[in-house]
1. On the basis of being charged (D, E, K, R), out of contact with any helix residue (DSSP H, G or I) (no Cβ under 8 Å at 6 or more places or on another chain) and at pLDDT 80 or above, does Asp91 make the cut?
2. Among the residues of segment 77-100, count how many are of a type outside the set (Ser, Thr, Tyr) and under 15 Å from the mean Cα position of the chain (by Cα).
3. Give the residues of segment 94-132 that are of a type in the set (A, V, I, L, M, F, W, C) and at pLDDT 90 or above, sorted by residue number.
4. Every residue in segment 135-157 that is assigned to a loop (DSSP other than H, G, I, E, B) and either polar (S, T, N, Q) or within 22 Å of Leu97 (Cα to Cα) (or both), please.
5. In segment 54-76, which residue that is part of a loop (DSSP other than H, G, I, E, B) and modelled with pLDDT of 85 or more is farthest from the chain's Cα centre (by Cα)?
6. I need every pair where a residue in segment 231-253 that is in the same structural domain as Val141 (by TED's automatic domain parsing) has its Cβ under 7 Å from the Cβ of a residue that is part of a loop (DSSP other than H, G, I, E, B) and basic (Lys, Arg), sequence separation at least 6 or different chains.
7. Just to check your reading of the model, which residue among Leu216, Leu220, Leu249, Leu205 is out of contact with any His (no Cβ under 9 Å at 6 or more places or on another chain) and at pLDDT below 95?
8. Which pairs turn up if I take residues in segment 143-172 that are farther than 12 Å from Arg271 by Cβ and touching a residue at least 24 places away in the same chain (Cβ under 8 Å) and look for partners that are in a loop (DSSP other than H, G, I, E, B) and of a type in the set (Ser, Thr, Tyr) with beta carbon separation below 6 Å, at least 6 apart in sequence or on another chain?
Amino acid sequence: MFSWPSTSNKRLSRCLSPALRHSFPSPSRQHPIISLRVVIRPRSTEAALGLRSHRPPDTVPNPKTPPEISDQEWELRTGRAIYVIQQTLPDFFSTGLVASIDRSTGHPRQGNGSTIVPNANPLDFRGPEDGDVDSIYSPNVRLSYTPPVALPSPFPKTLHIEGMPMYLASSVFVRHTLTALYSDLKVALNKVSVDAAPPLGDLQLKARRKSREKSLFVGLTATGIARVSGAVGEWEVNSTYTFSPLTGLIHIHTVNSIHPAPHQAVYDALRASLGNVFSAKEPTPSGGATSAVKAPQDSAPSS
């Protein structure tokens, strides 16, 4: 039987319902006293001392901030992205942009045959959800290009679109427009190089993020034969793909140069096809274009 000989046990008795409390008889000679001790052990020393972890207990996690991944997973993701770009860019005009890798086979996942129409909704180009593939691009990937000669208003100095739907739509536009004007289109990679910061060996978060600085430079030549005149067209394009230090995904694609530079009619057609995305206005929450340069949401916070 149980009894309540001490102050602590009396406190526990008061927590019980009256019916349950009366079911335990008072101590007597027939009922020996058995003390009941309740010990509550904290889960950790920090909890025992009332210390906070890295985040205050009343802080709600930001759903837009991607979770941190291990260094091994980060290297794996960047390596996969480099592999996909090297293997698939030469076939861009036949397969389209390949943005994913098959998780089971490790091979690039072929793109779909999406078509583009004037004033299309960028969400129409969102790829199908597939749990068996991993994207090599961040959902907030930003594409930017600064023409050598400033374009007239309403174009900003630096053309910029943001978000995976817009990024896919722009690639579809380039592919289908050139295919309509040229035949026998080919892409040849002239140079592929990786620029990565050397590992520092420091285990602190800041040092680890510094070691996660990696970008991929791609120089290519695209050629085709004009369907009307039969003349050979050739363009040299240099681009830099920058990886997010948090996710290991491509979050910035900078077109460094295009030679010869596209005519303004190309920008007008692109602007019309993607819903007038190129303007001097700030981007909408769903992603768009802007003349201001902002860091993607999966960028490392500045120190």
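The values are calculated or read from the model by the stated rules, or taken from the named source; none is laboratory data. Only a predicted model underlies this, so the values are computations on that prediction, with no experimental measurement involved. Because the Cβ atoms are built from the backbone with ideal geometry, glycine has one as well, and the counts that use them run over all protein chains shown.
1. On the way: charged (D, E, K, R): yes; out of contact with any helix residue (DSSP H, G or I) (no Cβ under 8 Å at 6 or more places or on another chain): yes; at pLDDT 80 or above: yes.
So Asp91 fits the description; yes.
2. Going residue by residue through segment 77-100, those that are of a type outside the set (Ser, Thr, Tyr) are 77, 79-82, 84-87, 89-93, 96-99.
From the residues that got through so far, the ones that are under 15 Å from the mean Cα position of the chain (by Cα) too are 77, 80-81, 99.
Counting residues in segment 77-100 that are of a type outside the set (Ser, Thr, Tyr) and under 15 Å from the mean Cα position of the chain (by Cα) gives 4.
3. As a first pass, look at segment 94-132 and keep what is of a type in the set (A, V, I, L, M, F, W, C): 97-99, 101, 116-117, 120, 123, 125.
Answer for segment 94-132, where residues must be of a type in the set (A, V, I, L, M, F, W, C) and at pLDDT 90 or above: Leu97, Val98, Ala99, Ile101.
4. First pass over segment 135-157, keeping only residues assigned to a loop (DSSP other than H, G, I, E, B): 136, 146-157.
Across segment 135-157, the qualifying residues are Ile136, Thr146, Ser153.
5. Of the residues in segment 54-76, the ones part of a loop (DSSP other than H, G, I, E, B) are 54-70.
Filter once more, keeping what is modelled with pLDDT of 85 or more: 69-70.
Working: Ile69: 12, Ser70: 15 Å.
Ranking the candidates gives Ser70 first.
6. That search, which allows pairs on different chains as well, returns Pro245/Arg212.
7. On the way: Leu216 fails: at pLDDT below 95; Leu220 fails: at pLDDT below 95; Leu249 fails: at pLDDT below 95.
Result of the check over Leu216, Leu220, Leu249, Leu205: Leu205.
8. Ser144/Thr158; Thr158/Thr146; His160/Thr290; Val172/Ser114
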